[in-house]
Amino acid sequence: MKRHNQHILFSARPQGEIEPANFKVVDVPMPTLDTGEVLVEVRYLAVEPAMKGWMEARADYIAPLQIGDVMRGQGAGVVLKSDNPKFPAGIMVSGPLGWRRYVATDGRSIPLREIPQSASLPAALNVLGITGMTAYFGMLDIGKPQAGSTVLVSGAGGATGSVAGQLARIAGARVIGIAGGKEKCDWLVSGLGFDAAIDYKSEDTTQRVLELCPDGLDVYFDNVGGDILDVALNNLADRARVVLCGGISRYNVSGTVPGPVNYFNLVYRRARMEGFIVLDYAKRFPEAIEVLLQHLDSGELRHRETVLHGFEQLPQALMNLFSGGNIGKQLVAINT
Ligand SMILES: NC(=O)c1ccc[n+]([C@@H]2O[C@H](COP(=O)([O-])OP(=O)(O)OC[C@H]3O[C@@H](n4cnc5c(N)ncnc54)[C@H](OP(=O)(O)O)[C@@H]3O)[C@@H](O)[C@H]2O)c1
C-alpha cells in the first residue's frame with residue numbers, strides 16, 4: 001500500500017472563535033527511521049478545549065504554539081516499523097503525536113506509552129488518557145467525594161465530566177450532571193448512572209440546583225466557569241470543595257472576563273476552591289490507569305467517543321467542543 005504523509009500546521013492565531021483558516025494541511029515526505037526509532041501510523045487523534053489557549057499564546061502552563069508549528073495533540077496508533085526493542089512492530093501506542101499521519105520517534109522525544117492489550121485506541125485517548133487522568137486526580141484528589149455526599153459536575157456530557165461524575169458515583173456519592181441538551185442529559189442518567197441531570201440550555205439551572213441539592217453541594221467539579229460556577233458557589237454545603245478543572249465558557253471571551261460574583265460564599269461555608277493541572281500528576285498516571293482499568297473491567301465505568309472520520313476533519317472536531325457537538329470524547333479517526 002502506498003502511504004502518504006501529511007501534517008496540519010497551526011497557521012494563524014484565532015480572532016475570536018477557532019475557524020478552519022487557523023490551520024493548513026501540508027503534504028510531507030514519509031519519515032525515515034534513525035537508529036533506535038519507531039514509525040507510528042496514527043489511527044486516532046484527540047482534540048481538547050485547551051488547544052484554544054495554546055493557539056492564543058494564553059496557555060501559561062505550557063509553551064504557546066508558534067505559527068507554522070505542527071498542531072499539538074494526543075494521538076494513538078500502531079507501530080509499523082521498529083528499531084527499538086521497547087516498542088516492537090505491531091504494538092499500539094499513544095502519546096503527544098501531533099496532527100500528523102505518520103510519526104518517527106525514539107519514544108522519548110515524543111514520549112510513547114504502550115496501550116494495554118485489553119484497551120481500545122479510543123479508550124486510550126479518553127478514559128485511559130489525559131481525559132481519564134484529569135477526571136481521576138481532579139475528582140478524587142481534590143474533590144474527595146464521600147459516600148452519601150452530593151456532587152455536581154458541569155460539562156458532564158463531555159469527556160472529562162462524564163468520567164469525573166462516574167468516579168464520584170463509584171465513590172458512593174449522589175451525582176448530578178449539568179450538560180447541554182436532552183440527549184446528553186438522558187445519557188448521563190440512563191447510560192452512566194448519574195442521579196439526575198440538568199439541561200442548562202433549556203432549564204433554569206439556579207432553580208434546578210436548588211431543587212436537586214437542597215442540602216447544598218459537597219463537591220462541585222467545574223469544567224465551564226461563568227454563570228454555572230456562580231450558581232454552584234451560591235449553593236455550597238459547609239466545607240465544600242470546588243474543583244477548578246476548566247472554564248470553557250470563557251475561552252472565547254476577549255478582554256476582561258468577569259470573576260465569580262458569589263465567591264464570598266466560600267467564606268461563609270468555610271469552603272475551598274482549588275485549581276489543578278493534570279500534567280503535575282504525571283508520575284502517578286500508572287496508579288490511575290490501574291484503577292480505571294479495574295473499573296472498566298468490572299463494567300462500573302463507561303466511556304463514549306464522538307468520532308469524525310478523515311485527517312482534514314481535525315479543525316472541525318476542535319470547533320465541535322465549543323458548540324457542544326461532542327458526547328463523551330471528541331476524536332478523529334485517520335488512516336483507517
Ligand atoms: N485542569 C486540567 O489539567 C485540564 C485537563 C484537561 C481538560 N481540562 C478542562 O476540562 C474541561 C473539559 O475538557 P474536555 O476535553 O473534557 O472537553 P469536553 O467536555 O469533551 O468538551 C467541551 C464541552 O464543553 C461544553 N461547552 C462548550 N461551551 C460551553 C459554554 N459556553 N458553557 C457551558 N458548557 C460549554 C460543551 O458541552 P455542552 O453541550 O454541555 O455545552 C462541550 O461538549 C475544559 O474546560 C478543559 O479545558 C482541564
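Structure data summary
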item: Gain upon complete extension [E312, R250; 0.36 nm per residue less C-alpha separation]; result: 19.6 nm
item: Length released on extending from F322 to A57, taking residue separation times 0.36 nm less the Cα-Cα span; result: 93.6 nm
item: Helix 314-323 axis, angle to the chain major axis (alpha carbon atoms, nearest 10°); result: 0
item: Peptides ranked, highest mean first, by Cβ atoms within 10 Å: ranges 12-22, 138-148, 85-95; result: 138-148, 85-95, 12-22
item: Amide H contacts of I178 (H built 1.01 Å from N, under 5 Å, at least 5 apart or other chain); result: V153, S154, G155, A156, I198
item: Bridge type composition, the chain - antiparallel percent by DSSP, nearest 5; result: 50
item: Projected-area mean, the range 1-110, by convex hull of Cα positions, square nanometres; result: 7.4
item: Subset of K52/K182; K2/K81; K144/K283; K81/K329; K201/K329 violating a 23 Å alpha-carbon distance limit; result: K52/K182; K81/K329
item: FRET efficiency, 1/(1 + (r/R0)^6) with R0 45 Å, evaluated for N5 and L210 via beta carbons; result: 0.25
item: Per-residue HN-Hα couplings for the range 142-148 [Karplus 6.51, -1.76, 1.60; θ = phi - 60°; Hz; x = Gly/Pro]; result: 9, x, 6, x, 10, 4, x
item: Whole-number Å³ per residue for the convex hull built on Cα positions in the range 7-66; result: 131
item: Inter-site label distance for D34 and E183 at 7 Å from Cα along Cβ, in nm; result: 4.6
item: Reciprocal of mean inverse Cα separation for the range 130-279 (Kirkwood radius, Å); result: 14.9
item: The chain - percent relative contact order, Cα under 8 Å, separation 6 or more; result: 17
item: Computed over the range 130-279: relative contact order in percent, which uses C-alpha pairs under 8 Å that are six or more apart; result: 23
item: Under Karplus coefficients 6.51, -1.76 and 1.60, residue-wise ³J(HN,Hα) of the range 165-178 in Hz, glycine/proline x; result: x, 5, 5, 5, 4, 4, 6, x, 7, 8, 10, 10, x, 10
item: Using a Förster distance of 35 Å, the FRET efficiency for V257-S118 (Cβ separation, nearest 0.05); result: 0.25
item: Rg(Cα)/(2.2 N^0.38 Å) for the chain, N = residue count; result: 1.01
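Laboratory data are not the source of any read-out in this text; all were calculated from the coordinates shown. Everything numeric in this text was worked out from a predicted model, so none of it was measured. Cβ: placed from backbone, ideal geometry, glycine included. Neighbour counts: every protein chain shown.
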